[in-house]
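For reference, the structure is listed below as C-alpha cells.
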Amino acid sequence: MNNPPELRYSPTHEWAKLDGDIVTVGITAFAVEQLTEPTFLELPAVGKALTAGKAFGIIESVKSTSDLNSPVNGTVIERNETLLEDKAKRRSADLSLVNDDPFGKGWMVKIKLAPGATLDHLLTAAQYDAQLASEGH
Amino acid sequence: MSNLRTPLYQWHVDHKARMVPFGGWDMPVQYAGITAEHKAVRSGAGLFDISHMARISIGGPDALAFLEGLFTNSVASMKNDQVRYGLLCNESGGILDDILVYRWPYGFSVVVNASNRLKILAWFEKHRVGKNIEIVDQTDHTAMIAIQGPKSVELVAGLFDDDVSKLKYYYAMPTLYCRQQCVVSRTGYTGEDGFEVIVSNEYALSVWDEFIKRGAVPCGLGARDTLRLEAAMPLYGHELNEEINPIQAGLGWAVKLDKGDFIGRAALAAADATKPVRVGLEIEGKRAAREGSALLDADNQPAGTITSGSFCPWLDKSIAMAYIRPELASVGTPLDVDVRGSTLNATVVPLPFYKRTK
C-alpha cells in the first residue's frame, strides 16, 4: 500500500493532513479500492462542527453505503465542491477524482481544528499499513 | 464448514477477483469493477462463472408426472429441448425456489438457486415416494458458464459441434465441445441475449479461456446483480421467499392453474389481492435505496419495503424493487424512502427498467 508517510490515518480509512491548524481530510486508496467506483457523496455544510470518530458524511458505490468519519474535532471551513453536484450551475458531481487521486485531488473537507485538538490519536502511515496487513489485505 | 469452490476458482483468484461467500460457495463479486463489467454485457459480451447454480437431472417413467406435481408452470406442454421458468411452491403457495426446467427426449434437468440446493433436493426426496424416477445432483462434477451480451452470438461461433446460434430463446441443445458432451442453452439472467453452457469440470477452464481469448469480459456477481435488477428479474432471498407467493411477485404468468394439480395450486387459486405486490421504483438523485429501506405513502403511513436497490450504471439512475400495498402500485404513485434517516423521493415506474432492443 502506498500510504503517504506525511499523513495520519483513522482505523476507518480516512486520512488527515495537518497544515497550521487546518486539517485536510479524505479517504485512503484502500478505502476506494474496497468501495470501488464511488457513485454518491454527501458532505457537511461549511461551518458544521465535527467530532472525532463521528460520521460527517456518506459515500456510496454501486454495492455499498458507508459513513465517513471525522478524524478530528473541529469545524468545516471548506468542501471539495467539484466532488458535489451543483444544481444551480448544472454541474454534476465528479467522483472520479476520489477514485483516481484519493490522497490528492480527491480530498473531501478542510477542518479548522478545535482549540486544543491534535492529530496525536491518529495512526501513522506505518501503523495504518500494519492494520491493513493484520486485516489480511 | 468451508465454502465450495468452482473449477474456475483459481482463475478468479489469479485474475484479482474479489471473492465473496455466496450460497455456500466462494464466488467472484468483481474483477475490474462492477460498472465496467455491467457495461461490457450491455454493449459487448460478458462472461460469468455460474457453477454455483445447482444442476439436477430427473429421469425415469414418472419424471414428467413428478415435476408436473411440483412446478407451477406447465411441463407437459414443453417441447423437447425447451427450457421453462417457473416456481416451486409450498402448500400455502409460498415460493420455495424459482427454477429452470429443461425437457430432453430422455428426461429432464432443473437448475435451482445455490442457496436452495439442499432444500430442493430434500423437497424432491420427500415427493418422489412411490414414483419410479431417478434424481441425480450433477452440480459437483459440472460447471456452468454464461456468455451474455449482444456480441455473444459472435463469440460462440464455431466453438461447438453444432451451430448454437440457431437456438431459439429458452431452448437448449446437447452438443460437443472438444469431443466432450456439454449442454448449451439460449438463456440468461442479465436482460441481454446470450447462452449458458454446462460442461464437465475438466473442460470448464478451457471453455472459459476460449471465451476470454475471443474478447469476453469476465464479470462477477456484482454486475450480475445490477444487470438482473435493471431487467427486473427477481432474486431468491430478496424478491422471493417462502412468505411470498408468485402472484404478489408479478410471476402469475408462470403459474398455470388450469394444468392440473400441483403443490400450492389450491392456495394460489384462492389468493386474495390484498397482499403487498412487487413494483419498480425510480429514486430521485444518485443515492441508492438499499434492501430493507422503509417506504412511506403520501400520508406518511407505511407503504412497504425495498427488496433490492442500487445505483444502476447503464441507466445512470437509482432504481429499486419493492413490495408495497397493492393500492399504491399504480405507475406514477409518489412514495418516500427512508434511507438512514434521510428521506428520498421515489416514484412507482413500470418494470422492467431496461429492455434490450431486438
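Each reported figure results from applying straightforward, stated rules to the coordinates on display, with no laboratory input. Computed from a prediction, not measured in an experiment: that's the story for all the values here. Ideal geometry is used to build each Cβ from the backbone, glycine not excepted, and the neighbour counts take in all protein chains shown.
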Worksheet entry | Long-range HN-HN contacts of A:GLU78 with modeled amide H, under 5 Å | A:LYS110
Worksheet entry | Part-to-part distance (alpha-carbon centres) for region A:8-62 and region B:234-313, which is given in Å | 37
Item to complete: Starting with the fewest neighbours, write out B:PHE160, B:PHE22 ranked by other beta-carbon atoms found within 10 Å of each beta-carbon.
Response: B:PHE22, B:PHE160
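State the three equivalent ellipsoid semi-axes of the protein assembly as shown, derived from the C-alpha gyration tensor as the square roots of 5 times its eigenvalues, in descending order and whole Å. Don't skip to the end; give the middle numbers.
On the way: eigenvalues 418, 153, 75 Å².
Here the semi-axes work out to 46, 28, 19 Å.
Where a ≥ b ≥ c are the square roots of the eigenvalues of the C-alpha gyration tensor, would you call region A:8-134 rounded, which needs a/c under 1.5, or, failing that, prolate if a/b is larger than b/c, or oblate? All intermediate terms of the calculation are to be shown ahead of the outcome.
Working: a/c = 1.91, a/b = 1.16, b/c = 1.65.
Oblate.
Counting only other chains, what is the mean number of Cβ atoms within 10 angstrom of the Cβ of each residue in peptide A:55-63? Before the final figure, lay out the partial values.
Details: counts 1, 0, 0, 4, 0, 8, 7, 14, 11.
Across the residues of A:55-63, the mean count of other-chain Cβ atoms within 10 Å is 5.
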Response to the item:
If one builds a Gaussian network model of chain B from Cα atoms under 10 Å apart, the most fluctuating residue listed among B:ARG214, B:ARG287, B:ARG340 is B:ARG340
Worksheet item: Cα gyration tensor of chain B, axes a ≥ b ≥ c as square roots of the eigenvalues: rounded (a/c below 1.5), prolate (a/b > b/c) or oblate?
Response: oblate
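Using the Cα centre of region B:272-349 as the reference point, and only Cβ charges (+1 on K/R, -1 on D/E), how large is the resulting charge dipole? Debye, rounded to the nearest 20. Provide the component values of the computation, followed by the final result.
Working: 8 positive and 10 negative charges, 58 e Å.
The dipole of region B:272-349 has a size of about 280 debye.
Within a 10 angstrom radius of the beta carbon, how do B:CYS312, B:CYS178 rank from fewest other beta carbons to most? Provide the component values of the computation, followed by the final result.
Values: B:CYS312 22, B:CYS178 13.
Ranked by crowding around the Cβ, least crowded first: B:CYS178, B:CYS312.
Do you know the relative contact order of region B:272-349, to the nearest whole percent, from alpha carbon pairs under 8 angstrom that are 6+ apart? Numbers along the way, then the final one.
On the way: 197 pairs, mean separation 29.4, N = 78.
Relative contact order comes out at 38 percent.
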Fill in: Local electrostatic count, B:PHE262, Cβ distance below 9 Å [Lys/Arg +1, Asp/Glu -1]
+1
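For chain B, what relative contact order do you get, as a whole percent, if you take Cα pairs closer than 8 Å and at least 6 residues apart?
Details: 812 pairs, mean separation 64.9, N = 358.
Averaging sequence separation for qualifying contacts and normalising by length gives 18 percent for chain B.
May I ask you to derive the FRET efficiency for B:ARG340 and B:ASN3 from their Cβ-Cβ distance with R0 = 35 Å, giving the value to the nearest 0.05? Can you show the working numbers first?
On the way: r = 31 Å, r/R0 = 0.87.
Using R0 = 35 Å, I get an efficiency of 0.70.
For an R0 of 51 angstrom, estimate the FRET efficiency from the Cβ-Cβ distance between B:GLN138 and A:ALA88 and round to the nearest 0.05.
On the way: r = 60 Å, r/R0 = 1.18.
The calculated FRET efficiency here is 0.25.
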Discussion item. Looking at chain B as a GNM with Cα springs under 10 Å, which of B:SER77, B:SER92, B:SER308 has the largest mean-square fluctuation?
Written reply: B:SER77
Discussion item. Placing unit charges on C-beta atoms (Lys and Arg positive, Asp and Glu negative, everything else neutral), compute the dipole magnitude of chain A about its Cα centre in debye, rounded to 20.
Written reply: 460
Response to the item:
From the Cα centre of region B:64-100 to that of region B:155-233, the distance in Å is 23
Worksheet item: Lys/Arg Cβ at +1, Asp/Glu Cβ at -1, dipole of region B:272-349 taken about the Cα centre: which of B:LEU315, B:ALA298, B:THR343 is farthest positive-ward?
Response: B:LEU315
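Using 0.36 nm per residue of separation minus the Cα-Cα distance, give me the extension gain between B:GLN10 and B:TRP253 in nm, one decimal.
Working: separation 243, 0.36 × 243 = 87.48 nm, distance 4.04 nm.
Residue separation times 0.36 nm, minus the Cα-Cα distance, leaves 83.4 nm.
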Worksheet entry | Positive-end residue, the protein assembly as shown charge dipole about Cα centroid, Cβ charges, pick of A:THR24, B:ILE99, B:GLY260 | B:GLY260
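Could you size up the charge dipole of chain B around its Cα centre, putting +1 on the beta carbon of Lys and Arg and -1 on that of Asp and Glu, and report it in debye to the nearest 20?
Here chain B has a charge dipole of around 540 debye.
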Worksheet item: Can you tell which of B:THR142, B:THR274, B:THR72 shows the greatest fluctuation in a Gaussian network model of chain B with Cα springs below 10 Å?
Response: B:THR274
Worksheet, complete the sentence: Output row, site B:ILE212, 7 Å Cα→C-beta label point, backbone N cut-off 11 Å, window region B:14-31, residues B:14-17
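Can you give the relative contact order of chain A as a percent, counting alpha carbon pairs under 8 Å and 6+ residues apart?
On the way: 285 pairs, mean separation 41.2, N = 137.
30 percent.
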